[in-house]
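Just below is one structure, and these are the notes that go with it.
Just so you know, all these numbers are worked out from the coordinates, no wet-lab data involved. In this text the structure is predicted, and so the values were computed from the model without any measurement. Note that each Cβ is placed from the backbone with ideal geometry, even for glycine, and that neighbours are counted across all protein chains shown.
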Amino acid sequence: MAFVLFWAAGYSFAKMGLPHIKPMTLLALRYSLAVLVLLPVLLVHRPTWPSGWRHWAAIATTGFLIQCVYFGLAYQAMDYGMNAGTTAIIMALQPILVASLSPLVTGSRYTAQLWLGLVLGLAGVVVVIAAGGTLGPSPWGAVLFALMALAGMTAATLFEKWHGRRTDPVVGGLVQYIVGAAVLVPVAWISGIGHIDWGTELAISLAYLVIVNSIVSISLFVGLLQRGDATRISALMYLVPPLALLIAWGVLGEKMTPLALLGMLICVTGVWLVNRAGRANPA
């Protein structure tokens, strides 16, 4: 649950920083700072290193799919004109996609109760987003970017579960952010760094995105995938949009309506059904 809370809060802190910096520049700076933070941690932590080039390649692949494809293209979709609500509801298709593809990738089989939970969770997300009045038309280019971002996160989830190699979270995070920085620093440079308005809001945004979102959240997510079923863990992502809305209400003063609260309750019910089905039928 801590992972979901940290991940959801990232939307508010990213929103806090984006008025002061271009999206690709923010991501490139975020990943570069995360690498600088993790390097000295390695000296104290003394981790178990990956065994063989295939293990290193698996970590790098997961990092590319999450940090470059998912985050990079989701930010690009919003930069192209897609609002946050539409982006969130597209990303909320991930648990359904993971459940649909898991039998092909991991051999998992799911019950009617689990599928009911997945559908309820998605319905709750729709209610939450609709309650905020944030759905609206988006340019086709933005829709394409968002769908590719969704594919990236779905592929990362399935790939991490498929290769099955346990990775030290510090090493995994460091490799992921080296890959993210190596890809997105040139992208940000080529697309134009733009003006950076250094100030308190950007500093707070970067501090949260680097320490909590980039290091703690990703480590928890990868650790959960290595220990549990991909579909049940993906279902937790249904809680991200409603929690993000609740946190934005507290941090940014955005509105909260009774309909949004109803959507949150539906999301929680859906996730509860998925987890209950998972305990009754372990993957």
| Could you give me the ³J(HN,Hα) list for segment 202-208, computed from phi with Karplus coefficients 6.51, -1.76, 1.60 and θ = phi - 60°, whole Hz, x at Gly and Pro? | 5, 5, 5, 4, 5, 4, 5
| Can you give the net charge of the other residues whose Cβ lies under 14 Å from the Cβ of G72, counting K and R as +1 and D and E as -1? | +1
| query | Under the Karplus relation 6.51 cos²θ - 1.76 cosθ + 1.60, θ = phi - 60°, what is the ordered set of whole-Hz ³J(HN,Hα) values for segment 96-104, x standing for Gly and Pro? | reply | 5, 5, 4, 5, 5, 8, 4, x, 6
| Amide H of I196: which non-local residues (sequence gap of 5 or more, or other chain) have their own amide H closer than 5 Å, using H built in the peptide plane? | none
| field | Estimated distance in nm for a label pair at T111 and V37, the labels positioned 7 Å out from Cα along Cα-to-Cβ | value | 4.0 nm
